């Protein structure tokens, strides 16, 4: 048995050894990020590489657990064709995905320093969070910057409020009377500096994402480009990405209720535009973990929730489903109907499943999204309820008759 190191020169030796041995297909187990260098090198040298998740080994039978035995078991299962390779987007999408994931990580790190600023303000008994909804908004950042620069007069600080702020200057000034200890101000200053540093890095990520979007081939043809947008909130993209996304995807995914520019970018960065790897929309939803698991034992169906996993697209669709639930649309009615029957978690999963199927159809067939009218959707739901009632009545030996067609009751 050959042994190789982990340096780049050793990886080239592995590829050369496999080629001399006549190996054309390689299977690897995904463990952290350690598989990426070897996977990319073997793929670049035209090997057929299968990346499998560790759970597939356990589902194919129990074995003694050592690295050497795992390799032998992988080779044997791969020979029998029992292993399925994990989904990996095409090469021209990987750079965009890396920049976007880096951006999401920076947003998470920056959010931690927002909490540090809130902690420092609370220690100084400055109740800024009580009078404004977001301390890193226009009003909040202006007040924090003034505090760091040495301003202590609450009346002067309150004058920095934005005109759109709901609270008045007098109420804000009352909340800004604090205990100005030097160590707490120093803590606030450092948290503010780190937050601003992450915001600068997010801007640099957006510049790289914009460049990568410009490199992607145009699939929209002569279709008119929809109106631009950067996405909602302070964490939205800092450039107009609606047009580049539409050209890369070939369809306007933001036409779907709940799908904004940020969610459309997650879709493009995580799966690209080719969904042919998934035979049907059901396979796609199952890969996302938005379908109940089929667990049976001796003809007994066990109740199990969707498959767990940290799929970024799944998380984005669940967030979009929550936004859909607040809209007056057929999808919003569907969310609220499921929520009233099975709860918020089930409604979020069911609506995200419906969004995933819509996205799959649009990407596969290149057709635009057609919004269903509320009257049409309500008529459809009413017809479904009537059919269910008729089946129940027939099962109990009754006949369901519409009220308008019912025979009038006899007089006196």
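The values are calculated or read from the model by the stated rules, or taken from the named source; none is laboratory data. Bear in mind that the values here come from a model prediction, so they are computed numbers and not experimental data. Note that each Cβ is placed from the backbone with ideal geometry, even for glycine, and that neighbours are counted across all protein chains shown.
Among the residues of the range 261-293, those that are under 21 Å from residue 348 (Cβ atoms), outside any helix (DSSP H, G or I) and touching a residue at least 24 places away in the same chain (Cβ under 8 Å) comprise 289, 290, 291.
If you check residue 140 against the conditions, is it over 30 Å from residue 104 (Cα atoms) and either surrounded by 20 or more Cβ atoms within 10 Å (Cβ to Cβ) or not assigned by TED's automatic domain parsing to the domain that holds residue 98 (or both)? No; evaluated as a whole, the condition is false for this residue. Among the residues of the range 195-210, none qualifies, meaning not one is in a loop (DSSP other than H, G, I, E, B) and farther than 30 Å from residue 248 by Cα. Against the test of being outside the structural domain of residue 126 (by TED's automatic domain parsing) and without any contact (Cβ under 8 Å) to a residue 60 or more places away in the chain, the options 168, 236, 150 yield a single qualifying residue, 236.
Taken together, 104, 118 contain a single residue that is part of a helix (DSSP H, G or I) and under 28 Å from residue 265 (Cβ atoms), which is 104.
When 49, 26 are checked against the criterion of being at pLDDT 90 or above, assigned to a strand (DSSP E or B) and over 28 Å from the mean Cα position of the chain (by Cα), a single residue qualifies: 26.
Rundown of residues vs (1) under 18 Å from residue 356 (Cα atoms); (2) out of contact with any strand residue (DSSP E or B) (no Cβ under 6 Å at 6 or more places or on another chain); (3) surrounded by 14 or more Cβ atoms within 10 Å (Cβ to Cβ), yes/no style:
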| site | (1), (2), (3) |
| --- | --- |
| 182 | no, yes, no |
| 191 | no, yes, yes |
| 208 | no, yes, yes |
| 211 | no, yes, no |
| 215 | no, yes, no |
| 240 | no, yes, yes |
| 268 | yes, yes, yes |
| 284 | yes, yes, yes |
| 287 | yes, yes, yes |
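Condition check for residue 258 on (1) assigned to a helix (DSSP H, G or I); (2) within 27 Å of residue 326 (Cα to Cα): one failure, at (1). Does any residue of the range 73-93 turn out to be surrounded by fewer than 12 Cβ atoms within 10 Å (Cβ to Cβ) and within 28 Å of residue 217 (Cβ to Cβ)? The answer is yes, given that some residue of the range 73-93 is surrounded by fewer than 12 Cβ atoms within 10 Å (Cβ to Cβ) and within 28 Å of residue 217 (Cβ to Cβ). Just so you know, in the range 333-349 the residues that are in contact with a helix residue (DSSP H, G or I) (Cβ under 6 Å, 6 or more places away or on another chain) and buried (at least 19 other Cβ atoms within 10 Å of the Cβ) include one that is nearest to residue 104 (Cα to Cα), and it is 348. Taking the numbered list (1) modelled with pLDDT of 90 or more; (2) closer than 21 Å to residue 370 by Cβ; (3) assigned to a loop (DSSP other than H, G, I, E, B) in turn, residue 227 passes all entries but (1).
Condition first: under 18 Å from residue 380 (Cβ atoms), free of Cβ contacts under 8 Å to residues at least 12 places away in the same chain and either assigned to a helix (DSSP H, G or I) or touching a strand residue (DSSP E or B) at 6+ places or on another chain (Cβ under 8 Å) (or both). Can you find one or more residues in the range 330-338 that meet it? Yes: the range 330-338 contains one or more residues that are under 18 Å from residue 380 (Cβ atoms), free of Cβ contacts under 8 Å to residues at least 12 places away in the same chain and either assigned to a helix (DSSP H, G or I) or touching a strand residue (DSSP E or B) at 6+ places or on another chain (Cβ under 8 Å) (or both).
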